[in-house]
Structure formats: structure tokens, C-alpha cells
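Input: a single structure, listed below in C-alpha cells.
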Amino acid sequence: MPTRLHFTENGLIPVITIVGPTATGKSKLAFNLAKSFGGEIINGDSRQVYRHMDIGTAKPSREQRSLIPHHLIDIVDPNETYSLALYLEQARKSIQDIYNRGKLPFLVGGSGQYIWSVLEGFKTPQVAPNISLRKKLEAEAIKDGHAALWQRLEKIDPEAASRIEARNVRRVIRGLEVYYETGIPFSQAQTREEPPYRSLIIGLTLERTSLYKRIDKRTDNMIEDGWSEEVACLLENGYYPELPSMSSLGYRDIAACITENMALDEAVVRIKSSTHRFARNQYAWFRLNDPRIHWLDADVPEVPILAHGKVSEFLRYT
């Protein structure tokens, strides 16, 4: 059993955070670092929480998960409700538990809202779900499109809308729900308290052309690995395309191949394009000029060595 990690002078828990856009190799780097430093990994991707959605969400392999404990992966079914509030509760509990067992917590993912809410100590508004309102808004999103629903949120609460992707219907609906139930904009209803963490944030980035090439290659590999069969299995088990979980990149496009006879080649083109756009949006959360983030070029072969050095230096002062 590793020796229990020391607290900092201020009583803060050390947390290694790895962020950046999709397809830059965050999971692989986190696995290698956790292996070197006696760590465990906490998922910071809003889509990897869903069971049965492995290929399209690029989950770490089962072999990786058998060698290094991964937390908050495969914890809800695709038709179950999952919220930021629940994620924060579970992520904070996981960090504390990992630390208490003498391990180093690694928070890893590309969902900016999840990552920063943990690191910045945000607390979500305690507003109970209004099921009838949610169903009404979900029906409107299906009828008028998710962009129309997002535009409504933008008029009510532009700050919240700027931090929520239009395709994330579940979060858009939550923003509207909080406002309709309380009269207070979602962005103003959130509170913050200083978190008990000291975090090293490592960011992986790529020049845009290289990033797009990686995304395209990974998409092709996902198709070869059976992504279409994964979606078919979801549909057969009653997980319909309108579910919030199925708004994950590519799932509705592939579902359209199965239910609407869309050509797979067309779906792949759409998936690549939407993933390019998604990666660009991730830089709005993880800015290259953010002094808190230690950016590394993911194309540089020495990235593992450089990252290892940064973690070693960070722990010397922790």
C-alpha cells in the first residue's frame, strides 16, 4: 500500500487534471501518469457516464480500467437522468476517497463545465426537477430543433447559454427549468465555495489541421470497431435517438442510417464535421492563454516525459 500523500500547508488535496479537445490523447497520458505515480482516474467526460455507449464516447479500454481504477464511467443507463449536480457530488466524493486510500487523484476529460465546476468549487442550484416541464421542452426540441431551444435560453440568460452547447439539450432544458421555476437566471443561481484542492492542470493541444486528421482517423477506426453495431444494439434495447444521452456525437447520425436509410458514408462525413466543431468549442472552455493550464503539443514525442516532469515538480511542492 503506497504511503498516504501529504496535504499541502493549506490542507489542500493534490489533484492532477488533464484537459484539452477530443482526440488529443488525454486518456492514454492519464493512464501512464497514474501508473507511474500511484493514481486513480476520475472521468471528466459527460458522455462516458453512460453504459452501453463505449465506442462512440472513446472510453478507456477495459484492459486499462482493469489495471488502473477509473471512476464515474458506466454509472447510469442511457435512459436515466444524469445531472451536473450529481456529477459534482460523485466526483468530489471520489477525489476524497482516492486520497484517503493513499492514491493520487487524476481528473481527466474534455467536458469543460464538469472539470471547471469541480476545480472552481461551483454548487448547482437546488431546484427540484419539473418532469412535466422537461417533457414539454423535450417535445419542443424535437419539433423545432435544439437550436431553437438554445436561442430561448440565450435571450433569458446569455451567460449560461455561452457556456452550454446548443446540442446539449439536457443542460439547455435545465437552464430554462431553473429560470422558469425560480425567476432567477441559471448563471446567477449557481454559487461557489473555495474547493479543498490544489491542482496541476495539464492541457494537450494540437495544431488545427493535425487535430482534424486525428479526429477523422479516430472516427474511421470507431466505425471499423463496430460503432454501427453498438448503436443498433442501443436501438434494439429501446434507447431511442431523442434521449439526451443519444445526443452524444455521432449516435443520432448512425441511428439515422439504421432507421431512415441514411448512407453510412454521409453519416461519417457529418460526424467528422460536427466533431471538428465540437473540438473548436472545447477551446472556449480550455483557452490556450489560460495561465492555469500547462499546455503541451500532443504531437511532440516527448509529451509523456514532459508531463511526468511537471507532475514530479508539482508533487515536490504538495
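The values are calculated or read from the model by the stated rules, or taken from the named source; none is laboratory data. Since the structure is predicted, the reported quantities are computational estimates derived from the model, not experimental observations. We place every Cβ from the backbone using ideal geometry, glycine too, and count neighbours over all the protein chains shown. Please note that ligands, DNA and RNA were not included when accessible areas were found on the heavy atoms of the full protein model with its side chains. Shrake-Rupley method; radii C 1.70, N 1.55, O 1.52, S 1.80 Å.
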Query raised in the report: Among the residues of the range 286-299, is any within 23 Å of P78 (Cα to Cα) and touching an Asp or Glu at 6+ places or on another chain (Cβ under 8 Å)?
Result: no
Query - Sole exception among (1) modelled with pLDDT of 95 or more; (2) among the charged types (D, E, K, R); (3) surrounded by fewer than 16 Cβ atoms within 10 Å (Cβ to Cβ); (4) not in a helix (DSSP H, G or I) for K213, by number - result: (4)
**Report entry** Members of the range 46-99 found to be polar (S, T, N, Q) and farther than 20 Å from E229 by Cα, listed by number
**Finding:** S46, Q64, S66, T81, S83, Q90, S94, Q96
Report summary line: Per the filter on the range 275-318, residues within 26 Å of E120 (Cα to Cα), open to solvent by 60 Å² or more (accessible area, probe 1.4 Å) and not in a helix (DSSP H, G or I) are R287, L288, N289, P291, R292, H294, D297, Y317
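So which of K123, K103, K59 is charged (D, E, K, R), more than 24 Å from P21 (Cα to Cα) and surrounded by 18 or more Cβ atoms within 10 Å (Cβ to Cβ)?
Working: K123 fails: surrounded by 18 or more Cβ atoms within 10 Å (Cβ to Cβ); K59 fails: more than 24 Å from P21 (Cα to Cα).
Checking each option against the conditions leaves just K103.
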Requested in this report: Keeping to the range 136-170, report how many residues are within 19 Å of A189 (Cα to Cα), part of a helix (DSSP H, G or I) and open to solvent by 60 Å² or more (accessible area, probe 1.4 Å).
Outcome: 6
Query raised in the report: If we scan the range 219-235, do we find a residue that is open to solvent by less than 30 Å² (accessible area, probe 1.4 Å), β-branched (V, I, T), assigned to a helix (DSSP H, G or I) and under 30 Å from E140 (Cα atoms)?
Result: yes
Query - Some residue of the range 9-23 being modelled with pLDDT of 95 or more, open to solvent by 10 Å² or more (accessible area, probe 1.4 Å) and over 30 Å from P129 (Cβ atoms) - result: yes
